[in-house]
Amino acid sequence: MPSAPRAGRSAGVHFLATPAIAAQLVQSCAVGVDDLVLEIGAGQGALTGHLIATGARILAVERDDHFVRRLTTRFGDRPNLRIVHADAREIPLPRRRFLVVANIPYALSTAFLRRLLSPHTALNRAALLVEWGFAKRICAAVPRHVEQAWWAARFEMTLVSRIGAHHFSPPPRVGSAHLLIRRRPFPRTAERALWTVLSAAYQHPGAPAHALFDRRALRRADIRAADPNSTVPPHRWARLALDLAPSRTWPALPRPLRG
Ligand SMILES: C[S@@+](CC[C@H](N)C(=O)[O-])C[C@H]1O[C@@H](n2cnc3c(N)ncnc32)[C@H](O)[C@@H]1O
């Protein structure tokens, strides 16, 4: 059980208190010795020890100097760990393929995912503890928001399990979830086409797909022409975008999406 953090520092922060959940999270990400793993918000090291034990190269990012000192005392001598004292929203992300394992501050989930799933990301997999409602929204068969569809078209989102509040200290008032994110085989060269397809579909949710897109291309993407755009799952839009991508030049991605 982690020691109680001082008031102020702990606002909205819920430390993982059950080692078995930490072990499950790391295991679900299938971390191997050759991997590079980014841990966002390492806190007092509830996940860090399990990550170190995999033999992978670990970058543990923590913003709070108190926790950085604790991490250094606990794990400073481990050769496969680098403790990075920084705001994880501002550090450059690894250029080589990397994984993320983290119990991220719930208030920052969208900001972190926006960065991690940006167009040029080298993220391959992530195992995260997030707020339950957030996990449900981004794992929906058809996400409500276009940005969530953009994530789900390029990354498979799996809600692994619900995590009870008693596994955290202090216990959060909202439910929590173990979320697994895995990159889909979608080429960067088709990302502009994907964004154009998704934004058109999400701007006209009630329109039948054939009102916006060619019927033959829809058939090839396994999308029924008469189905309203609001019922089409993101991976089907991704198939359509892949099919259409070579046919023309696509507009640049909007700035906020670029991470
Ligand atoms: C929910 S706690 C998780 C701590 C630990 N990983 C655990 O599971 O017990 C989130 C941690 O993220 C840190 N944190 C919050 N915002 C951050 C940011 N922008 N960059 C880096 N760390 C941050 C907090 O100081 C805290 O230690």
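Some notes on this structure:
- Positive-end extreme of charge dipole, the chain - chosen from ALA42, ALA201, SER176 (charges on Cβ): ALA201
- About its Cα centre, the stretch 188-258 has a charge dipole of approximately 180 debye under the convention of +1 per Lys or Arg Cβ and -1 per Asp or Glu Cβ, with nothing else charged.
- Estimated at 0.36 nm per residue, the fully extended path between LEU108 and GLU90 surpasses their Cα-Cα distance by 5.2 nm.
- The stretch 111-146: trypsin sites (Lys or Arg not before Pro) in DSSP coil with no more than 14 other Cβ atoms inside 10 Å: ARG144
- Distant-in-sequence amide contacts of PHE168, defined by a placed amide H-H separation under 5 Å and a gap of 5 or more residues or a different chain, comprise ALA17.
- Max mean-square fluctuation residue, GNM over the chain, Cα-Cα springs under 10 Å, options ALA20, ALA153, ALA135: ALA20
- Low-density loop cleavage sites - trypsin sites (Lys or Arg not before Pro) in the stretch 225-259, where at most 10 other Cβ are within 10 Å (DSSP): ARG248
- Nearest-20 debye value, the chain charge dipole, Cβ charges on Lys, Arg, Asp, Glu: 500
- Spatially, the stretch 188-208 and the stretch 42-110 are offset by 36 Å when compared through their Cα centroids.
- Percent antiparallel among DSSP beta bridges (both partners in the stretch 81-198, rounded to 5): 70
- Choice from ILE138, ILE91, ILE223 with maximal GNM fluctuation in the chain (Cα, 10 Å cutoff): ILE91
- Of all the options ALA111, ALA22, ALA102, the one that moves most in a Gaussian network model of the chain with Cα springs shorter than 10 angstrom is ALA111.
- Distance between modelled label sites at ALA207 and GLU156, nm, 7 Å Cα→Cβ extension: 3.2
- Spin-label model distance (nm) - ARG182 vs ASP222, 7 Å beyond Cα toward Cβ: 1.6
- Relative contact order (%) - criterion: Cα under 8 Å, at least six apart; region: the stretch 15-183: 22
- Relative contact order for the stretch 188-258, counting Cα pairs under 8 Å that sit 6 or more residues apart, in percent: 42
- If you plug the beta carbon distance of SER230 and ALA252 into 1/(1 + (r/R0)^6) with R0 = 25 Å, you get a FRET efficiency near 0.45.
- For the stretch 188-258, with +1 on Lys and Arg beta carbons and -1 on Asp and Glu, the positive-most of HIS210, ALA252, ASN229 along the dipole: ALA252
- Cα gyration tensor category, rounded, prolate or oblate, for the stretch 72-199 with a/c compared to 1.5: oblate
- Inter-probe distance in nm under a simple model that places probes 7 Å from Cα toward Cβ, at ASP65 and ARG78: 2.4
- Residue-by-residue Karplus 3J(HN,Hα) for the stretch 81-88, coefficients 6.51, -1.76, 1.60, Hz, glycine and proline x: 10, 10, 8, 10, 8, 6, 7, 5
No value in this document is a laboratory result; all are computed from the given coordinates. Being a predicted model, the structure only gives us computed values, none of them experimental. Using ideal geometry, Cβ is built from the backbone for each residue, glycine included, and neighbour counts are taken over all protein chains shown.
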